[in-house]
1. Could you put TYR99, TYR86 in order, starting from the residue whose Cβ has the fewest other Cβ atoms within 10 Å?
2. Taking a ≥ b ≥ c as the square roots of the Cα gyration tensor eigenvalues, with a/c under 1.5 meaning rounded and otherwise prolate when a/b beats b/c, else oblate, which class fits segment 30-101?
3. List every residue whose amide H lies under 5 Å from the amide H of ALA42, counting only residues 5 or more places away in sequence or on a different chain, with H placed 1.01 Å from N in the peptide plane.
Amino acid sequence: MKKLVNIVFLSAVAGMAFTGLAQAADDAVIEKYNKTCAACHATGAAGAPKTGVEADWTARMEKGMDTLVASVTDGLNAMPPKGMCYDCSAEDYQAMIEYMVAPQ
């Protein structure tokens, strides 16, 4: 019985640690989004797909994540190359796209 309690306790602690790491990652993504992407994507300025609006993202997501990341990297329409985040990696762009696509 004591082993079972220990296993349950350790599982709970591990779950809380993972949740904490995920929250820190989410906070970093949101911070970068707010500094760069939000200027256009929060309002749909210059035709940008609005954050959290599924209809704005459906056709874009069908192109695949690699294509979306390439569009950010190279620039597309009114969006400048790197989407105003000049120190972002491809992984950062993907995380911010995933954030923008998600219902808010």
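Taken together, the values in this text are just the output of simple stated rules run on the coordinates, not laboratory data. It should be emphasised that the depicted structure is a prediction, and the values quoted were computed from it without experimental measurement. Here the Cβ positions follow ideal geometry from the backbone for every residue, glycine too, while neighbour counts run over all protein chains shown.
1. Numbers: TYR99 18, TYR86 9.
By the 10 Å Cβ count, ascending, the order reads TYR86, TYR99.
2. Rounded, since a/c falls under 1.5.
3. THR51
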